[in-house]
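Q: Please read through the structure below; I'll follow up with questions.
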């Protein structure tokens with residue numbers, strides 16, 4: 001303002017904004033907590049399948065399906081945790097792995113306890129999400145042009 005004694009603050013750069021977002025928990029820290037909860041859930045579901053659901057899974061002959069769901073759930077929960085801790089936070093692969101857990105493992109969990117075989121049609125969508133996440137991680141990062 002003209003005639004004001006207030007100093008204008010400098011305009012924040014992209015790094016300042018990224019640091020502020022992480023400090024407020026909108027990216028990495030929140031993603032890290034969600035990843036840890038998903039890892040915990042994988043352990044709980046693995047134990048529940050082995051103990052609480054063993055008769056149901058044996059009756060439907062879907063124990064191997066449940067175990068496959070837990071295996072992929074757990075591996076990708078660990079990947080979510082690793083990605084969440086990286087700087088900069090890679091949103092794309094993180095969301096691909098999360099979608100993969102929900103679609104791939106989720107459909108297999110429900111299939112295993114209900115024996116609704118049509119749910120197997122959803123499972124490949126989760127597999128594609130997993131593959132997209134891995135390919136995204138393997139791809140070289142895109143660089144923004146430096147502005148002077």
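Q: Give region 73-92 a look and list any residue that's in contact with a helix residue (DSSP H, G or I) (Cβ under 7 Å, 6 or more places away or on another chain), surrounded by fewer than 21 Cβ atoms within 10 Å (Cβ to Cβ) and more than 15 Å from residue 29 (Cα to Cα), or say none.
A: 74, 92
Q: I would also like to ask the following. Condition test on residue 106, is it in a helix (DSSP H, G or I), buried (at least 16 other Cβ atoms within 10 Å of the Cβ), out of contact with any helix residue (DSSP H, G or I) (no Cβ under 7 Å at 6 or more places or on another chain) and modelled with pLDDT of 95 or more?
A: So residue 106 fits the description; yes.
Q: From the list 81, 48, 74, which residue is under 25 Å from the mean Cα position of the chain (by Cα), at pLDDT 95 or above and over 28 Å from residue 93 (Cβ atoms)?
A: Result: 48 is the single residue among 81, 48, 74 that is under 25 Å from the mean Cα position of the chain (by Cα), at pLDDT 95 or above and over 28 Å from residue 93 (Cβ atoms).
Q: Same structure again: Can you go through 99, 112, 69 and tell me which one is within 11 Å of the chain's Cα centre (by Cα) and surrounded by 16 or more Cβ atoms within 10 Å (Cβ to Cβ)?
A: 99
The values are calculated or read from the model by the stated rules, or taken from the named source; none is laboratory data. Bear in mind the structure is a predicted one, so any value in this text is a computation, not a measurement. Note that each Cβ is placed from the backbone with ideal geometry, even for glycine, and that neighbours are counted across all protein chains shown.
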